[in-house]
Amino acid sequence: MTQLLQGIRVLDFGRYIAGPYCAALLAEYGAAVIRIEKREGSEDRFVAPIGAGGEGSLFLQMNRNKLSLTVDPMTAEGREVVRKLVLTADVVVANLPDQSLVAMGLDYASLSAVKPDIIVTTSSAYGSSGPMARNVGFDGVGQAMSGAVFMTGEPDQPYRAQVNWVDFGTALHCAFGTLAALMERARSGKGQHVSGSLLGTALTFTNSYLIEQAVIRKDRVPTGNRGQAAAPVNLYRTSDGWLLCQVVGQPLFERWAKLMGVPEWIGDPRFANDLARGEKGVTAIDERMRRWCEGRTTQEAVAILGEAKIPCGPVLNAQEALDHPQVDALGLFRPIDYPGLPAPAPVGRVPLTMSLTEGGIRHRAPLLGEHTDRILESIGYGAAAIAGMRERGVI
């Protein structure tokens, strides 16, 4: 079956998540993606190493389905390699600071001068304008500046999420923008610059809280795991672990009240609607839910709540998540062998199923520079020229 993006070539100068995962999404649906990095290996290759070669789990996830080329674009010969690659490419992805892009000749003005219909997809920490535009940052700065960190944790101790949801959200937005740009190019023949930011993504995800604050000055404070606009919404201890329960909306509350043996609460003014339950009735509701959970195992409680059509789920650690039968049923992970790993890596495909346009993992992440010679040969370099550039430290 021909994949949707077959015939599209992407040059991936990305690092860590926002750029590389954007390119990985394109690769999953058939784009030929070339990861380009430093001769000694870019720093994101070695985060949380799990194998003999030092490659990390993040790298294996971000770079499946890609080829690897090493080149130094700060050298004259390296720039020429990049120029020739751009002539063959449809998309360039890079999540580097604007000043670094300009220095490397990877900014949109430079690349569109080489190939006018090129699509350049970039992402930064703070965007391209404003007092912090030249600063650098990771996922956490988006979390911190969007209100998300403040609202997570306790009043005297905010917490950031360990999972990099801002990075992944930015990658998703950038992949969406890249697909839109490819559609526009098919219509008009014109390339364009697609630009995202970590702060912009995080503010988008917290937008409903910001709207509430701007309109009615709610001035919410953090309440730990407890929800604020409905109840029960919290983590509850069971006899052998924890579960999450989220009851939002009147139909759910009525089912929950009957299950808990308090049907009279349905007409109680303290629990008249979500807002009342989340603000005034939460203590009584949480106490009732805690007592109900304490006498049951997590599996028992989740089974009963699930049967009653009440949203809930067990709190799992990493191994428990890997072993859970529902996780297994999704068929998300493909065991991938990688040189030097003591065991196959369960690399997740794009978590979508499509009846016609299915993606998939075709091959593992590349070794450093694994495909350099093949790629250079495809753009006209002979064996002697390649050997010379290797001797001179260009590749």
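Determine, yes or no, whether Ala133 is among the hydrophobic types (A, V, I, L, M, F, W, C), modelled with pLDDT under 95, surrounded by fewer than 17 Cβ atoms within 10 Å (Cβ to Cβ) and in contact with a helix residue (DSSP H, G or I) (Cβ under 9 Å, 6 or more places away or on another chain). Full working, then the answer.
Values: among the hydrophobic types (A, V, I, L, M, F, W, C): yes; modelled with pLDDT under 95: yes; surrounded by fewer than 17 Cβ atoms within 10 Å (Cβ to Cβ): yes; in contact with a helix residue (DSSP H, G or I) (Cβ under 9 Å, 6 or more places away or on another chain): yes.
Judged against the criteria, Ala133 is a match.
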Out of curiosity, is Ala384 without any contact (Cβ under 8 Å) to a residue 24 or more places away in the chain, of a type in the set (Gly, Ala, Ser) and surrounded by fewer than 12 Cβ atoms within 10 Å (Cβ to Cβ)? yes
Is it true that Ala125 is of a type in the set (A, V, I, L, M), under 30 Å from Pro351 (Cα atoms) and at pLDDT 95 or above? yes
What's the total number of residues in the range 278-290 that are out of contact with any Gly (no Cβ under 9 Å at 6 or more places or on another chain) and farther than 13 Å from Cys245 by Cβ? 6
Report, by residue number, each residue of the range 309-326 that is without any contact (Cβ under 8 Å) to a residue 40 or more places away in the chain, surrounded by 11 or more Cβ atoms within 10 Å (Cβ to Cβ) and not charged (D, E, K, R). Leu316, Ala321, Leu322, His324
Residues satisfying the stated conditions in the range 169-198, i.e. in a helix (DSSP H, G or I) and in contact with a helix residue (DSSP H, G or I) (Cβ under 7 Å, 6 or more places away or on another chain): Gly169, Thr170, Ala171, His173, Cys174, Ala175, Thr178, Leu198
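In the range 144-168, which residue that is without any contact (Cβ under 8 Å) to a residue 24 or more places away in the chain and assigned to a loop (DSSP other than H, G, I, E, B) is nearest to Leu210 (Cα to Cα)? Walk me through it before giving the result.
So in the range 144-168, the residues without any contact (Cβ under 8 Å) to a residue 24 or more places away in the chain come out as 144, 149, 156-157, 159-163.
Now restrict to residues that are assigned to a loop (DSSP other than H, G, I, E, B): 149, 156, 159-163.
Numbers: Val149: 14, Asp156: 21, Tyr159: 19, Arg160: 18, Ala161: 19, Gln162: 23, Val163: 22 Å.
Result: Val149.
Are there any strands (runs of 3 or more DSSP E) wholly within the range 296-359 with 2 or more residues that are more than 21 Å from the chain's Cα centre (by Cα), and if so which?
Details: elements: 312-314, 333-336, 345-348.
Per the criteria, 312-314.
Rundown of residues vs (1) touching a residue at least 60 places away in the same chain (Cβ under 8 Å); (2) under 14 Å from Val233 (Cβ atoms); (3) surrounded by 19 or more Cβ atoms within 10 Å (Cβ to Cβ), yes/no style:
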{"site": "Lys280", "(1), (2), (3)": "no, no, no"}
{"site": "Asp286", "(1), (2), (3)": "yes, yes, no"}
{"site": "Arg290", "(1), (2), (3)": "no, yes, no"}
{"site": "Glu294", "(1), (2), (3)": "no, no, no"}
{"site": "Gln299", "(1), (2), (3)": "no, no, no"}
{"site": "Ala303", "(1), (2), (3)": "no, no, no"}
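The values are calculated or read from the model by the stated rules, or taken from the named source; none is laboratory data. The model shown is predicted, which means the values in this text are computed figures rather than measured ones. Reconstructed Cβ throughout: ideal geometry from the backbone, glycine too, with neighbour counts over all protein chains shown.
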